[in-house]
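The values are calculated or read from the model by the stated rules, or taken from the named source; none is laboratory data. In this text the structure is predicted, and so the values were computed from the model without any measurement. FYI the Cβ positions are ideal-geometry reconstructions off the backbone, even for glycines, and counts take in every protein chain you see. Just so you know, the surface numbers come from the protein's heavy atoms only, side chains and all, with ligands and any DNA or RNA stripped out. Shrake-Rupley method; radii C 1.70, N 1.55, O 1.52, S 1.80 Å.
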Amino acid sequence: MTAKIGVLAVQGAFIEHIQALTSLGVECVELRQAADLEQPLAGLVLPGGESTVQGKLLRDLDMYTALRDKIVAGLPVLATCAGMILLAEKLSNDDKVHFATMPITVRRNAYGRQLGSFRTYASFGALGEIPMTFIRAPYIEAVGEGVQVLSEVDDKIVAAQYGKQLALAFHPELDTAESTAVHEYFLRMCRNK
Ligand code: GLN
């Protein structure tokens, strides 16, 4: 892969994604300002954090349109947690959507306060069981046509794919000591572009 993986680095847990991808031998570039989007990218990571803050910063930093255009054009995306909220076409408990490029309905902070954070194991597509860490996580309430459900925990959809957009409610970047399967899967999507 000659082009780098761009990791949105305006807020949230981006360093862990960079560490995970670097450990797999891939070069990453932090996307912090509009000028960072002018280089060719092999893929895009939208990390966890706070989607409201990220959405505002994307617009304030003038990155929103260029990034959205790349996603729509088919740039492979790995979106975790807040990143998944950025991709959702609809949020069931928030009026403000962001990229809205993936036909899914997402509920923010869906597990309430008490179950806000937890860790479990569940199967992920063809990859088998992987560890999943949830932090004030959203889940997917409904999927539109063409969306493939990859993972469910307690009857809630926690991972789905739509073309080259891969959205996860959990944080694979926090479990790389045990499994890098999700990042490897994403890199295969980037290589087969
Ligand atoms: N609760 C956050 C939001 O709504 C997402 C949490 C996370 O990314 N860990 O943006």
| field | Rounded percent of accessible protein surface that carbon and sulfur make up, the stretch 52-193, 1.4 Å probe | value | 46
| said: Per residue, how large is the accessible surface of the stretch 3-50? Use a 1.4 angstrom probe and give square angstrom. | reply: 39
| On full extension of the chain, what length is gained from Thr2 through Glu178, given 0.36 nm per residue of separation minus the C-alpha to C-alpha distance? | 60.6 nm
| field | Debye, to nearest 20: dipole size of the stretch 20-87, +1 on Lys, Arg Cβ, -1 on Asp, Glu Cβ | value | 200
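Size of the dipole of the chain about the Cα centre, Lys and Arg at +1 and Asp and Glu at -1 on the beta carbon, nothing else charged, in debye to 20?
The dipole of the chain has a size of about 220 debye.
Take every DSSP beta bridge whose two residues both sit in the stretch 33-132, then give the antiparallel share in percent to the nearest 5.
If we restrict to bridges inside the stretch 33-132, about 40 percent are antiparallel.
Which value, in Å², gives the accessible area per residue of the stretch 94-176 when a 1.4 Å probe is used on the protein heavy atoms?
47
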| request: Could you pull out every residue, at least 5 positions away or on a different chain, whose amide H is within less than 5 Å of the one on Ala110? Hs are placed 1.01 Å off N in the peptide plane, and Pro or chain starts have none. | output: Ala137, Tyr139
| message | Given the DSSP H assignment, sum -39500 (n - 2.57) over each helix run of at least 4 residues in the chain and divide by its residue total; what's the result at 222 nm in deg cm²/dmol, nearest 500? | response | -7000 deg cm²/dmol
| request: Provide the gained length on full extension for the span Val53 to Lys90, in nm with one decimal, where the gain is 0.36 nm per separating residue minus the Cα-Cα distance. | output: 11.6 nm
| query | Do you know the relative contact order of the stretch 1-88, to the nearest whole percent, from alpha carbon pairs under 8 angstrom that are 6+ apart? | reply | 34
| request: Taking GluC sites (Glu not before Pro) as candidate sites, keep only those in a DSSP loop with at most 11 other Cβ atoms within 10 Å, then name the longest stretch of the chain containing none of them. | output: 1-144
| message | Using the Kirkwood formula on the Cα atoms of the stretch 36-103, what hydrodynamic radius do you get, in angstrom to one decimal? | response | 12.1
| remark: Taking Cα pairs closer than 8 Å and at least 6 residues apart, the relative contact order of the chain in percent is 19
| query | For the chain: lysine pairs with Cα atoms under 24 Å, gap of 8 or more or different chains, count? | reply | 16
| field | Coarse-grained scattering of the chain at q = 0.08, 0.10, 0.16, 0.18 Å⁻¹, given as base-10 log I(q)/I(0) from a Debye sum over alpha-carbon atoms | value | -0.22, -0.34, -0.95, -1.24
| Looking only at Gly83, Gly48, Gly74, which one moves most when the chain is put into a Gaussian network model with springs between Cα atoms under 10 Å? | Gly74
| remark: Simple spin-label estimate for Asp154/Glu38, 7 Å along Cα→Cβ, in nm, reads 4.8
| said: Would the stretch 113-193 count as rounded, prolate or oblate if I go by the C-alpha gyration tensor, calling it rounded below 1.5 in a/c and otherwise prolate when a/b exceeds b/c, oblate otherwise? | reply: oblate
| field | Potential lengthening between Thr65 and Glu27 on full extension [0.36 nm per residue; Cα-Cα distance subtracted] | value | 11.2 nm
| field | Amide H partners (placed H, <5 Å) of Leu31, local residues excluded | value | Val7, Leu8, Ala9
| field | Accessible surface of Val182 - all protein chains present, 1.4 Å probe, nearest 10 Å² | value | 10
